[in-house]
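Structure record follows, encoded as structure tokens.
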2 protein chains.
Amino acid sequence: MSETEQVTLFHFPLDPFCRRVRLMLAEYQVACTPEEVRPWRDAARLPALTPPPELPVLTQADGMVVAGMQAVSEYLEETRERGIPSLLGETPAQRAEVRRLTAFFDGRFHMEVSGVVLMEKALRRLLPREMGGGAPDTTRLRQALARLPDYLGLIERLSAARGLIGGEHLSLADLAAAAHLSVLEYLDALRFDGFEAAKIWYQRIKSRPTFRPLLADRVAGILPPAVYTELDF
Amino acid sequence: MSETEQVTLFHFPLDPFCRRVRLMLAEYQVACTPEEVRPWRDAARLPALTPPPELPVLTQADGMVVAGMQAVSEYLEETRERGIPSLLGETPAQRAEVRRLTAFFDGRFHMEVSGVVLMEKALRRLLPREMGGGAPDTTRLRQALARLPDYLGLIERLSAARGLIGGEHLSLADLAAAAHLSVLEYLDALRFDGFEAAKIWYQRIKSRPTFRPLLADRVAGILPPAVYTELDF
């Protein structure tokens, strides 16, 4: 992506996919103007496409639009500046493993844990009633939180065996997993009890300079716990 | 991917993601041995990975494993033989649009329509009771089928404006959308009433030689309607 292109990222701060893309943009050193949107009410501010675009949405001054997590991730990978190491890895085998793990967190973990916690602890308060706003479903929230230790155990095993989740080097799998966990942390739903290696892994990703803008996020009406901004929790 | 590598694809014939990958393998002229599995009971036949792999799973004689729809799709794209046109497109902008539309069918359409129809019309009969087997939820099935016309209308608009879904040339978006529709068709749940352009588009994809192996699929206990194998329905 050329430095002279003016790039805008439309994002919702608590969306784990938008967070992962913000981390990618920072790691790939792409300068961009963030535009915060609430997707359920700000559709008119997004580019008109068939079907309507899903967040994150990246636009360029030349009219180009890249919409949705898959398209944006692969676009940033394909257009990164020479000399910046790939977050997917160098060989087809490494890239396959990083994509597999990334898809696991974006798919299963989001469906069973982070997406549920986001809905019940945040979106219920923000959404209009006809779109699901209202009282949280505490049973559903409790079930999601009960599944968290399985995933922390998995992060523990992967990072203990490999150094990081996708291997020895920082990869998209680390950014994806940390983005999902950071949403839980913002919503005061992240406990590492007993998973010390997973905690060390998260601390390592969270202390990267590229993570700082995420730690400064504040969503009106939903404040994070103090630990959210601490790097040596 | 080298022709001398021995490639195996573990797949479940009614899974739309496995179908899409079979179409990709055929379009990219990768010779492979299909291994049919029922994921809920044949996990031991799949390679041991952390976390356990999700279908489709591609293995090579040299021990390489590529698992999950995202990883397999992008792997086939990255390792295709020179001279075979890309199913994603040539420019970053084209590729972004094809990935956006592919993700739309794999995400929203699968969640709202094809995944529900597969569950209620097929998996309920095949799964053990403790994994969701039993009587279909007819209300859920009816809701899914009621949403189908919206998606057919979308295919109608896209293919009328562009020739095919992702543009003028065959793309992964066509294969993904057709793979999902073919599952509905196998399960006698596809009606094109009023969407003539969508029907012509589907007929065009379905009549490609690469589609033929899918039309020969038979899942024990679940027979497709006669129209499933007809190309001029």
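The values are calculated or read from the model by the stated rules, or taken from the named source; none is laboratory data. Quick caveat, the model's predicted, so the values are computed rather than measured. In this analysis, Cβ positions are derived from the backbone assuming ideal geometry, glycine residues included, and neighbour counts consider all displayed protein chains.
For the subset of the stretch B:1-31 comprising residues that are closer than 23 Å to B:H110 by Cα and in a strand (DSSP E or B), which member is nearest to the chain's Cα centre (by Cα)?
B:H11
Applying the selection to the stretch A:25-53, what residues are among the small types (G, A, S), without any contact (Cβ under 8 Å) to a residue 12 or more places away in the chain and surrounded by 16 or more Cβ atoms within 10 Å (Cβ to Cβ)?
Narrowing the stretch A:25-53 to residues among the small types (G, A, S): A:26, A:31, A:43-44, A:48.
Adding the requirement that they be without any contact (Cβ under 8 Å) to a residue 12 or more places away in the chain leaves A:43-44, A:48.
Within the stretch A:25-53, none qualify.
Which members of the stretch B:149-163 meet the condition of being closer than 20 Å to B:F211 by Cβ and within 14 Å of chain A (Cβ to nearest Cβ)?
Result: B:Y151, B:L152, B:I155, B:L158, B:S159.
Which one is nearest to A:Y28 (Cα to Cα), of the residues in the stretch A:54-87 that are hydrophobic (A, V, I, L, M, F, W, C) and crowded, with 23+ Cβ neighbours inside 10 Å?
To start, the set of residues in the stretch A:54-87 that are hydrophobic (A, V, I, L, M, F, W, C) comprises A:55, A:57-58, A:61, A:64-67, A:69, A:71-72, A:76, A:84, A:87.
Narrowing the set further to residues that are crowded, with 23+ Cβ neighbours inside 10 Å leaves A:57-58, A:66-67, A:69, A:71-72, A:87.
Working: A:V57: 17, A:L58: 15, A:V66: 16, A:A67: 18, A:M69: 16, A:A71: 16, A:V72: 13, A:L87: 9 Å.
The selected residue is A:L87.
From the list A:D150, A:D106, exactly one residue is under 16 Å from the mean Cα position of the chain (by Cα) and within 30 Å of B:V66 (Cβ to Cβ). Which is it?
Values: A:D150 fails: under 16 Å from the mean Cα position of the chain (by Cα).
Answer to the check: A:D106.
Table: residues versus (1) outside the structural domain of B:H11 (by TED's automatic domain parsing); (2) under 17 Å from the mean Cα position of the chain (by Cα); (3) surrounded by 21 or more Cβ atoms within 10 Å (Cβ to Cβ).
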{"residue": "B:L145", "(1), (2), (3)": "yes, no, no"}
{"residue": "B:A173", "(1), (2), (3)": "yes, yes, yes"}
{"residue": "B:D188", "(1), (2), (3)": "yes, yes, no"}
{"residue": "B:E196", "(1), (2), (3)": "yes, no, no"}
{"residue": "B:W201", "(1), (2), (3)": "yes, yes, yes"}
{"residue": "B:T210", "(1), (2), (3)": "yes, yes, no"}
{"residue": "B:D217", "(1), (2), (3)": "yes, yes, no"}
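Checking the condition part of a helix (DSSP H, G or I) and either over 19 Å from B:P16 (Cβ atoms) or modelled with pLDDT under 95 (or both), which residue from B:G167, B:G133, B:G153 passes? Let's see the steps before the verdict.
Numbers: B:G167 fails: part of a helix (DSSP H, G or I); B:G133 fails: part of a helix (DSSP H, G or I).
Being part of a helix (DSSP H, G or I) and either over 19 Å from B:P16 (Cβ atoms) or modelled with pLDDT under 95 (or both) holds for just one of B:G167, B:G133, B:G153, which is B:G153.
Quick check on B:D174: is it under 17 Å from B:C18 (Cα atoms) and free of Cβ contacts under 8 Å to residues at least 40 places away in the same chain? Write out each step before concluding.
Working: under 17 Å from B:C18 (Cα atoms): yes; free of Cβ contacts under 8 Å to residues at least 40 places away in the same chain: yes.
Yes; evaluated as a whole, the condition is true for this residue.
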